[in-house]
1. When you go through ARG59, ARG86, ARG78 one by one, which is the residue that is free of Cβ contacts under 8 Å to residues at least 24 places away in the same chain, open to solvent by 80 Å² or more (accessible area, probe 1.4 Å) and either within 16 Å of the ligand (Cβ to nearest atom) or within 30 Å of ALA154 (Cβ to Cβ) (or both)?
2. Give me the pairs, please: first residue somewhere in segment 290-308 and touching a residue at least 12 places away in the same chain (Cβ under 8 Å) and closer than 22 Å to HIS109 by Cβ, second residue anywhere and assigned to a helix (DSSP H, G or I) and charged (D, E, K, R), beta-carbon distance under 8 Å, and either six or more positions apart or on two chains.
3. Kindly establish whether ARG278 is charged (D, E, K, R) and buried (at least 20 other Cβ atoms within 10 Å of the Cβ).
4. What residue, of LEU169, LEU173, is in a strand (DSSP E or B), within 26 Å of the chain's Cα centre (by Cα) and either aliphatic (A, V, I, L, M) or more than 28 Å from ALA353 (Cα to Cα) (or both)?
5. Quick one: is ALA25 on the phi < 0 side of the Ramachandran plot, more than 9 Å from the ligand (Cβ to nearest atom) and without any contact (Cβ under 8 Å) to a residue 24 or more places away in the chain?
6. Can you tell me which residue among SER45, SER2 is under 24 Å from SER268 (Cα atoms) and of a type in the set (Gly, Ala, Ser)?
7. Can you tell me which residue within segment 236-262, out of those that are open to solvent by 50 Å² or more (accessible area, probe 1.4 Å) and of a type in the set (A, V, I, L, M), is farthest from the chain's Cα centre (by Cα)?
8. Looking at (1) more than 15 Å from the ligand (Cβ to nearest atom); (2) open to solvent by 50 Å² or more (accessible area, probe 1.4 Å); (3) small (Gly, Ala, Ser); (4) in contact with a strand residue (DSSP E or B) (Cβ under 8 Å, 6 or more places away or on another chain), find the lone condition where GLY223 falls short.
Amino acid sequence: MSFLIVGASVAGTRTAIALRQRGFAGRIVLLESEEHWPYDKPPLSKDLLAEGDVPDVPRLLTPALAAEFDLDVRLGVRATRLDPARRVVLTHTGEQFSYVQLVIATGAHARTLPIPDAPAGVHTLRTLDDATALREALAAGPRVAVVGAGFIGAEFASAARGRGLDVTLIEALDVPMSHIFGAEVGHEISSIHTLGGAKLVTGARVERFLGSERVEGVALADGSEVPADLVVVGVGAVPNTQWLAGSGLPIDGGVQCTDRFEVEGFPSIFAIGDLALRRHPLLGVRARIEHWTSAGEQADAVAAIVTGGEPPAPQLPYVWSDQYGARIQIVGMPSLGELAHREGSMSEGRFRAVYTDADHKPIAQVSVNDARAVAAFRKNHRRGGSLGDLVGEQTPAR
Ligand SMILES: Cc1cc2nc3c(=O)[nH]c(=O)nc-3n(C[C@H](O)[C@H](O)[C@H](O)COP(=O)(O)OP(=O)(O)OC[C@H]3O[C@@H](n4cnc5c(N)ncnc54)[C@H](O)[C@@H]3O)c2cc1C
């Protein structure tokens, strides 16, 4: 029995290893378009950009691990087409890989701005090569503009400030992250930038890049200009579904799949990780969850299903972000609830906000520098506890 995995990042490699750990004895082939041995992405916007010696990037797979788990890893091979009727994946090398079961784990790529012909010095950050180029660019001591104050933009801004550079964040929303946290908490969390010495321009639309050969700045729609020698665009990610065009798979801003990660209408094909679009069993909404932890959990679930085991219980989405020496952790999806409790502040270096559902039950939390709050939230959620159980009866719900 042949198992084919397309995309060898966290979702793909974790599937392969979990299959072996669960006793799958058939052939496992991984196709990966990058030439690098699979690596972890979270350090790319954190440790890898910091001043000092270049840290080792954690590898998800090495030649030794591939041999140990008997995995046939094809690096530098890009899938270009899927033919589900013939059960084959075609690649840019002209090869065809047949499968009995297929996992689609091609993730996402960085979204760019709809501005043609960006000059040199305008970057995105998604891959190891992107991070290596940015590390080199930072070493020259540029003035930095970051377009987008989401997680990637915020972490890059933080890394640049860590090197003492002049940094301006340009954000389209009036309040950064307000689509995730609401305006009140978005305002509090994004104050981390000004506290960290970066400038924050909000409600701003980028019109064009200044400079012809090399970037000299960013022109905004209100006529103002942000001078910069290095621009990083961090405006989200787009699922890598181009190669599935014409396959008949249901694609709508992600690959649509069931609770068991089977692509809808294609039971021998699974989709996991950043590109999987499904109804989350605990959240009750259809969403792509673009978090490292979810990709691994989904890989474990698919390996269990394929080997006839019981998939692990679904978990609330969890994501962390490291900025200006602070760790921000989110459990659940705050945008689905109402802000019911907040304590602390970014200037104190410790903050927490809890969101509740229509029954006043906590369903999401964001906390800063408070790992115990994360554990407490999870425990309370598993028990179906109240807001009072979580934050103490003495704290009135708002
Ligand atoms: C800089 C950065 C920092 C991050 N930090 C955090 C963090 O702190 N916390 C957190 O929870 N999450 C973080 N994330 C998100 C997390 O890394 C992703 O959710 C995770 O990588 C998703 O894994 P994936 O395997 O689904 O997709 P990806 O990691 O996108 O991997 C997809 C793989 O498929 C390959 N591929 C694509 N198309 C093809 C093709 N046609 N043929 C063959 N191969 C193909 C790609 O080369 C890639 O290796 C970060 C992401 C980035 C980019």
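1. None of the other options fit; the residue is ARG59.
2. GLU290/ASP274; ALA295/ARG14; ALA295/ASP274; GLY296/ARG14; ALA299/ARG14
3. Judged against the criteria, ARG278 is a match.
4. One residue alone meets the criteria, LEU169.
5. Criteria met by ALA25.
6. Going through SER45, SER2 in turn, the sole match is SER2.
7. ALA245
8. Of the numbered conditions (1) more than 15 Å from the ligand (Cβ to nearest atom); (2) open to solvent by 50 Å² or more (accessible area, probe 1.4 Å); (3) small (Gly, Ala, Ser); (4) in contact with a strand residue (DSSP E or B) (Cβ under 8 Å, 6 or more places away or on another chain), the odd one out for GLY223 is (4).
The values are calculated or read from the model by the stated rules, or taken from the named source; none is laboratory data. Not measured: the values here are computed from a predicted model. All Cβ positions, even for glycine, are placed from backbone atoms using ideal geometry, and neighbour counts span all protein chains on display. Side chains included, ligands, DNA and RNA excluded: accessible areas come from the protein's heavy atoms. Shrake-Rupley method; radii C 1.70, N 1.55, O 1.52, S 1.80 Å.
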